[in-house]
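Report on the structure given below.
The values are calculated or read from the model by the stated rules, or taken from the named source; none is laboratory data. Not measured: the values here are computed from a predicted model. When we count neighbours, we look across all protein chains shown, and the Cβ atoms used for this are built from the backbone with ideal geometry, even at glycine. Note: accessible area is taken over every heavy atom of the protein model, side chains too, but ligands, DNA and RNA are not part of it. Shrake-Rupley method; radii C 1.70, N 1.55, O 1.52, S 1.80 Å.
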Amino acid sequence: MKTRDRPSTLTGGQATAPGTPRRTRGRGLRQDLAATWLFLLPALIYIALFFGYPIVKNAMMGSQDYTTATFYTGSAPWVGWANYRSFLSSSLAGTTFLNTAVFTVGSIAGQFTIGLAIALFFRRRFPLSGLLRSLLLLPWLLPLIAGAAVWRWILDQDSGVLNSLLLHLHLVHAAVPWLSSPGMALYSVIIVNVWIGIPFNVTLLYSGMQGIPEEHYEAAALDGAVGWKVFRHITWPALRPIVTVVLVLGVIYTLKVVDIILGLTGGGPANATQTLATTAYQDSFVRFAFGQGAAVNNILLVVSLLFAGLYLRVNRRASDE
């Protein structure tokens, strides 16, 4: 009596011939798995060395009395939560958190709104559009400390270009203290950061718009949809994944901005532009209290992760609905 051959079965996503020994199939799977890990190993080593180790080391330093003496003695006494309590109980903590929130929200709102408007503008074909898009990248390509130096000159109260222009046009009666007034310094820094961040937003949003099929706009035009309706029902839904990336990365980049603030105001006047990032920098590299600076950095890292997780969860829930 003849027996029918059994059909091929799928093992590990691949078809195996009938009668293949189970031991041979298992060896093939192990070889494939080993080859996969072999390709992933260089990337994993790089991530562990250049991302994992600094994060773990910073987390440990935040709970140690790590000072310049540690470099000579090798001793960094364990102090637990003392560095965190010292910062959170200081009079500067509330101002720092508030400035960080205002700086981040103001920068992201300005960068995203202006970047989206410019990206929509460049979606229309016109002469020299490519050249203008290239010029928009200049603020992004300039070293941040160089850009801050130029803006410090522009916003100088006594000899700045902006005040000279405003006075010449009789738009103000006295020079505006853009960087020397506690009430205006933070908003001036936000304006500069918006200027620097616009190219990043324009580049990603414009790239996302290029991926929207033109047929969708043609169909909308046949239905009589124009302007705001087209943006609301076609452009915005298609851009939502890109918007998520832009906002999350924008917040993370803005939270850790140091060089712009240091180049413009140094955290002053009267701590009016002091943020978590500048506080961590000054604790570590001005006061040489590395443990305290690491603790503030850890707080900044937690805030960034909480925001990213919350925003991604809300966005995923909205996409599912």
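Yes or no, residue by residue, for (1) assigned to a helix (DSSP H, G or I); (2) at pLDDT 85 or above; (3) over 38 Å from the mean Cα position of the chain (by Cα); (4) of a type in the set (Val, Ile, Thr):
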residue	(1), (2), (3), (4)
Arg6	no, no, yes, no
Thr24	yes, no, yes, yes
Gln31	yes, no, yes, no
Leu38	yes, yes, no, no
Gly52	yes, yes, no, no
Ala59	yes, yes, no, no
Tyr66	no, yes, no, no
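Here's the yes/no breakdown for (1) open to solvent by 20 Å² or more (accessible area, probe 1.4 Å); (2) assigned to a loop (DSSP other than H, G, I, E, B); (3) within 26 Å of Phe200 (Cα to Cα):
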position	(1), (2), (3)
Tyr253	yes, no, yes
Ala270	yes, yes, no
Thr273	no, yes, yes
Thr278	no, no, yes
Ala294	no, no, no
Ser304	no, no, yes
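Of all residues in segment 212-244, which are hydrophobic (A, V, I, L, M, F, W, C), part of a helix (DSSP H, G or I) and surrounded by 14 or more Cβ atoms within 10 Å (Cβ to Cβ)?
Hits for segment 212-244 are Ala220, Val230, Phe231, Ile234, Ala238, Leu239, Ile242, Val243.
Could you pull out the residue among Phe122, Phe112, Phe87 that is among the aromatic types (Phe, Trp, Tyr), open to solvent by less than 60 Å² (accessible area, probe 1.4 Å) and under 22 Å from the mean Cα position of the chain (by Cα)? Show your work before the answer.
Details: Phe122 fails: under 22 Å from the mean Cα position of the chain (by Cα); Phe87 fails: under 22 Å from the mean Cα position of the chain (by Cα).
Among Phe122, Phe112, Phe87, only Phe112 is among the aromatic types (Phe, Trp, Tyr), open to solvent by less than 60 Å² (accessible area, probe 1.4 Å) and under 22 Å from the mean Cα position of the chain (by Cα).
Counting only residues that are open to solvent by less than 70 Å² (accessible area, probe 1.4 Å) and at pLDDT 90 or above, which one in segment 68-84 is farthest from Gln292 (Cα to Cα)?
Per the criteria, the residue is Ala82.
From the set of residues in segment 197-210 that are closer than 18 Å to Leu144 by Cα, in contact with a Leu (Cβ under 9 Å, 6 or more places away or on another chain) and open to solvent by less than 20 Å² (accessible area, probe 1.4 Å), which is modelled with the highest pLDDT? Write out each step before concluding.
The initial filter retains those residues of segment 197-210 that are closer than 18 Å to Leu144 by Cα, namely 197-201.
With the extra rule that they be in contact with a Leu (Cβ under 9 Å, 6 or more places away or on another chain), the set shrinks to 198-201.
If we keep only those that are open to solvent by less than 20 Å² (accessible area, probe 1.4 Å) too, we end up with 199, 201.
Numbers: Pro199: 90, Asn201: 93.
So, considering only residues that are closer than 18 Å to Leu144 by Cα, in contact with a Leu (Cβ under 9 Å, 6 or more places away or on another chain) and open to solvent by less than 20 Å² (accessible area, probe 1.4 Å), the one modelled with the highest pLDDT is Asn201.
Considering (1) more than 29 Å from Val258 (Cβ to Cβ); (2) out of contact with any helix residue (DSSP H, G or I) (no Cβ under 8 Å at 6 or more places or on another chain); (3) of a type in the set (S, T, N, Q); (4) surrounded by 13 or more Cβ atoms within 10 Å (Cβ to Cβ), say which one Ser180 fails and leave the rest.
Looking at each condition in turn, Ser180 falls short on (1).
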